[in-house]
Each structure stands twice: as structure tokens, then as C-alpha cells.
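Single-structure report; data block below.
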Amino acid sequence: MASISGWLRLVLSTIYWNEYAALKVAPGVWYLVLNGALSGLVYTLCGITVLLPTQKWKKISLGFLTSGLLLHWLDRICFARSIEAQTSLPFSLAFSLLLTIAAIYLLYRETIRSFITNGK
């Protein structure tokens, strides 16, 4: 869902480039395009690596997740100054939390299942 959001931002920013430029959207249309491409790529790579079965990809996947969340929150704190962005803050916090929990579960599901069933 996060990667689709990034890719949609890239595509829609490209399609509506002239309209955004005419409205003088801050911080600019290039920012929207680059942010969409970067967040789409980071979250796509995170989604791919989280599903790989080998242990060596766990730290890489958590690195992608952390990078994506840092990118998201940097955008929210530094650039999202509109009232619409501020009113969706609870959703953004919940989404970040659920994304983190889901990734940790997918990465460590065997350890979690073992702990639940055996208590170890």
C-alpha cells in the first residue's frame, strides 16, 4: 500500500504537471515527482526483501522500512504544512505503526510463533 502510494504520487504528479505548476504547489512539482519515485522504490524494495526466506535480507528489509518511514516523516514535518496534511496526522501515525508491526511480524514470524507456542 505504501509503495503504491509512492508510485501514484509519481504518476499523478507527472500527469498533472501543468496544473500543479500553475497552482505553484510548494515545494514544487519536481519535489512531488522525486518524492513519489523514491518512496515507491524504497517501499517496493522493502516489500520484496521482507518476503525473501533467507536470514541475510532481514536487516536490509528493516533498513528499507526505516528509510521509507524517515522519508515519510521528513516530508510530513518539513513540507506538509496544509490543513489537510495536519488533519490526517492520526491516520499517518497509525499507518506507520501498523506498517512497522507487519514488517517485524513478517521478518520474525518463526521466532514469534515459537515464543507463543513454546514460551521460549
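For the reader, a short list of remarks on this structure follows.
- Selection of the stretch 35-65 for residues being within 13 Å of S5 (Cα to Cα) and either hydrophobic (A, V, I, L, M, F, W, C) or surrounded by fewer than 14 Cβ atoms within 10 Å (Cβ to Cβ) (or both) yields A37, L38, L41, V42.
- Selection over the stretch 11-59 of residues that are outside any helix (DSSP H, G or I) and of a type in the set (A, V, I, L, M) gives a count of 4.
- If only residues of the stretch 72-81 that are closer than 17 Å to R9 by Cα and not acidic (D, E) are counted, the one that is modelled with the lowest pLDDT is A80.
- In the stretch 64-120, the residues that are under 21 Å from L38 (Cα atoms) and among the acidic types (D, E): D75
- Residues in the stretch 1-27 that are small (G, A, S), surrounded by 14 or more Cβ atoms within 10 Å (Cβ to Cβ) and more than 14 Å from the chain's Cα centre (by Cα): S13 alone.
- Scanning the stretch 93-112 for residues that are touching a Ser or Thr at 6+ places or on another chain (Cβ under 9 Å) and either outside any helix (DSSP H, G or I) or of a type in the set (K, R) (or both) turns up nothing.
The values are calculated or read from the model by the stated rules, or taken from the named source; none is laboratory data. Bear in mind the structure is a predicted one, so any value in this text is a computation, not a measurement. Virtual Cβ from ideal backbone geometry, glycine too; neighbours counted across all protein chains shown.
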